[in-house]
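No value in this document is a laboratory result; all are computed from the given coordinates. Not measured: the values here are computed from a predicted model. Positions of Cβ are generated from backbone atoms using ideal geometry, with glycine treated the same way; all protein chains shown enter the neighbour counts.
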């Protein structure tokens, strides 16, 4: 059987311990480079964010090779956090896609060396259009950095590759700097979880950002009892509604307590002699209907509970629904 693939030559079998040690050394090298990047970020970064926020069009991201792969991710992150962005391949740009860049856009160019020949066509086109250019590179004296309006200089670090050739550490730095640009712009805009929800209606992010109001059980589904109800009736309600909890309301329908399986056990000796008010736990944990599913799950974990009654500002203490941990498990987020 013939193959055009040339296998890598291994000088000797690798021991598991040495392989793990090598993996950790790579990760430590990249982590160290990220620490250097954090210290190196300066006012040019602020300038770049200000220009991103000021544009009328989109951020057009470009890069060749591994920088291009990182550029695609940066464009996607910008778009996902409220900054319109697209990726344009520099080679495709030179063959007709230069029209993807128009006045009002901003060009974000990635090149570790700053000397990537394939970038010249789109950079020159940006200059003709007077489109501002933000460049990310590791050589401040490179042609790309001289052409850019804003220079974001990466620290001069070795690649994690033992031959110092394969883009590894440098691409990690580019990725982190792109994330920083996207999140900084998002923060200055005041972009909220509501805005993110609009952009992430599907998948795990969409599930985590769903409003509790869209998941809660309402009306007759809620296990509610009055404070004066005998415990025999309370237990029937708890069993029939299957939430493992009963909400205790006063004469005005306001939630004044909850009764859980734990409360039943704590009052086992005199359970059937009392009423709901005797057994309930006062000041129950509740959540607003506008809160996200992720916030509800965090609240349940914090208080080690499996159900939450839901209210709104307009309900003035009256429960409008209930959510159970199973509602979130079905979404895959609990």
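Annotations
- Paramagnetic label reach from residue 312 (point 7 Å along Cα→Cβ; backbone nitrogen cut-off under 11 Å): within region 272-301, residues 289-290.
- Principal-axis analysis of the Cα atoms of the chain puts helix 231-241 at an angle of about 40° to the longest axis.
- Cα centroid of region 255-280 to Cα centroid of region 93-161, whole Å: 69
- Helix 66-80 vs. the chain, principal-axis angle (Cα, 0 to 90°, nearest 10): 40
- Proxy reagent accessibility, fewest Cβ within 10 Å first, across 229, 17: 17, 229
- The modelled label-to-label distance between residue 36 and residue 264, using points 7 Å beyond Cα along the C-beta direction, is 6.3 nm.
- Extension gain for residue 299-residue 128 works out to 56.1 nm (0.36 nm per residue, less the C-alpha to C-alpha distance).
- Angle between the chain longest axis and helix 169-189 axis [Cα atoms, degrees, rounded to 10]: 50
- Neighbour-count order for 255, 177, 108, 78, fewest beta carbons within 10 angstrom listed first: 255, 177, 78, 108
- Listed peptides 43-51, 164-172 by packing density, highest first (mean Cβ within 10 Å): 164-172, 43-51
- Virtual spin-label span in nm between residue 28 and residue 44, 7 Å along Cα→Cβ: 3.0
- Inter-site label distance for residue 290 and residue 53 at 7 Å from Cα along Cβ, in nm: 2.4
- With a Förster radius of 35 Å applied to the C-beta separation of residue 331 and residue 251, the computed FRET efficiency comes to 0.45.
- Applying 0.36 nm per residue to the separation of residue 102 and residue 120 and subtracting their alpha-carbon distance, the gain on full extension is 4.8 nm.
- Answer label, with mean projected area of the Cα convex hull in nm² calculated from the coordinates and candidates [x] 31.8; [y] 27.2; [z] 17.7: [y]
- With all pairs of separate Cα atoms included, region 16-191 yields a Kirkwood hydrodynamic radius of 16.4 Å.
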